[in-house]
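To keep things clear, I will list the structure first and then write my remarks on it.
We did not get these values from a lab; they are worked out from the coordinates using the rules stated. Keep in mind that this is a model prediction, so the values were computed, not measured. Heads up, the Cβs are rebuilt from the backbone with ideal geometry, glycines too, and the neighbour counts pull from every protein chain shown.
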Amino acid sequence: MKKDQIVVFPIVITTTNDDKIKYSVSLPDLDRDTQGRTVAEPIEMGKDLIGTMSLVEDLPKSNTELPQTKNNQIATLVTVNISKYKRLNDERAVKKTLTIPNYLNEEAKEAGLNFSALLTDAIKSKLGIQ
């Protein structure tokens, strides 16, 4: 199995004067920004932004150097498992062949069950994925 790709980037969290959006978050290496209401939220938003960007473009090389900050800023590093993020957000449909007893097939068809949705829900439940 291929080894997961893990990236590390600095983020800069800046306190704002906005009561609704208390923190803005800058990802200098990616030239992108996001925001949050608590200190923890912008960190998660930064990770999600990195993951989302990885779905549509190649990311630059990881960077572990913290940028200079001002008095109202915090710089920290965030780590994102890009491979895992892509696996969890890959919504492409994959055709599978399965075998079930005929009586269940007939009952399910009569009840109007969607086999794909049912199997998807069952697999997610078994794996603990929401």
Item to check | Option label - Rg/Rh (Cα atoms, Kirkwood Rh) computed here, alternatives (1) 1.36; (2) 0.96; (3) 1.19 | outcome: (3)
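Taking the Cβ of each residue in Lys95, Lys70, Lys22 as the centre, tally the other Cβ atoms inside 10 Å and list the residues starting with the fewest.
On the way: Lys95 5, Lys70 8, Lys22 18.
Taking fewest neighbouring Cβ atoms as first place, the list is Lys95, Lys70, Lys22.
With n ≥ 4 as the cut-off for DSSP H runs, can you work out [θ] at 222 nm for the chain, using -39500 (n - 2.57) per run divided by the number of residues, rounded to the nearest 500?
Working: 4 runs with 47 residues, N = 130.
After summing the helix terms and dividing by the residues of the chain, the value is -11000 deg cm²/dmol.
Within the chain, what's the longest run with no GluC sites (Glu not before Pro) in a DSSP loop and at most 12 other beta-carbon atoms within 10 Å? Give the range, please.
Values: sites that count: Glu57, Glu65, Glu91.
So the longest stretch without any such site is 1-56.
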